[in-house]
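The values are calculated or read from the model by the stated rules, or taken from the named source; none is laboratory data. The structure displayed is predicted, hence computed values, not measured ones. Cβ atoms come from the backbone with ideal geometry, glycine included; neighbour counts cover every protein chain shown. For accessibility, only protein heavy atoms count, side chains too; no ligands or nucleic acids. Shrake-Rupley method; radii C 1.70, N 1.55, O 1.52, S 1.80 Å.
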Amino acid sequence: MELEGGCVCGAVRFGATGDPLRVTICHCSWCQRRTGSAFGIELVYREDQVAMTGDTAATCRHVSDESGRWLDVAFCSRCGSNLGFTLEAAQGIRTLPAGAFDDPSQFGSERQDFRHVYARSRRDWSDLSDKVEIYEKHFRE
Ligand SMILES: [Zn+2]
Ligand SMILES: [Zn+2]
């Protein structure tokens, strides 16, 4: 299985071969900030499963204030899209964000090993619970 994806503007593209080792839905405060969203969702691959093409992604090093270890976050230098990261804690691994794939419907918790991590900082509005109104499209439509 070869799956392709890329950034919003199309300058950086990637292909991933084979199944990801796992899919991590990370609710840590760093992932909330780097994505500007409720959580990060990263497919975890061995680096040799991933081929990056097009523009070279820019990187920004983040050092965890808890572990002291680094993560190099990749992003498109033109449009700023998140393009995953490599990390000191798991050498030889590259993540790719699920939403950056051309067809994210290829991924599902029944097919891959999904894990929610850092749930201690999970926002109560990030789940589709009946505590929050849910609209299939926008509420203005
Ligand atoms: Zn781009
Ligand atoms: Zn995180």
> Yes or no: Ala89 assigned to a strand (DSSP E or B) and either small (Gly, Ala, Ser) or in contact with a Pro (Cβ under 7 Å, 6 or more places away or on another chain) (or both)?
Replying inline: no
> How about the stretch 1-34: which of its residues are in contact with a helix residue (DSSP H, G or I) (Cβ under 6 Å, 6 or more places away or on another chain), within 16 Å of ligand 2 (Cβ to nearest atom) and open to solvent by 40 Å² or more (accessible area, probe 1.4 Å)?
Replying inline: Ser29
> Do we find a residue being open to solvent by less than 50 Å² (accessible area, probe 1.4 Å), touching a residue at least 40 places away in the same chain (Cβ under 8 Å) and small (Gly, Ala, Ser) anywhere in the stretch 102-118?
Replying inline: no
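Okay, residues lined up against (1) outside any strand (DSSP E or B); (2) crowded, with 19+ Cβ neighbours inside 10 Å; (3) at positive phi:
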{"position": "Ile41", "(1), (2), (3)": "no, yes, no"}
{"position": "Val44", "(1), (2), (3)": "no, yes, no"}
{"position": "Thr53", "(1), (2), (3)": "no, no, no"}
{"position": "Thr59", "(1), (2), (3)": "no, no, no"}
{"position": "Gly68", "(1), (2), (3)": "yes, no, yes"}
{"position": "Leu71", "(1), (2), (3)": "no, yes, no"}
{"position": "Ser77", "(1), (2), (3)": "yes, no, no"}
{"position": "Leu83", "(1), (2), (3)": "no, yes, no"}
> What number of residues in the stretch 9-39 are part of a loop (DSSP other than H, G, I, E, B) and under 14 Å from the mean Cα position of the chain (by Cα)?
Replying inline: 8
> Any idea which of (1) at pLDDT 95 or above; (2) out of contact with any Leu (no Cβ under 9 Å at 6 or more places or on another chain) is the one Gly15 doesn't satisfy?
Replying inline: (2)
> What number of residues in the stretch 54-98 are without any contact (Cβ under 8 Å) to a residue 12 or more places away in the chain and closer than 16 Å to Gln32 by Cβ?
Replying inline: 2
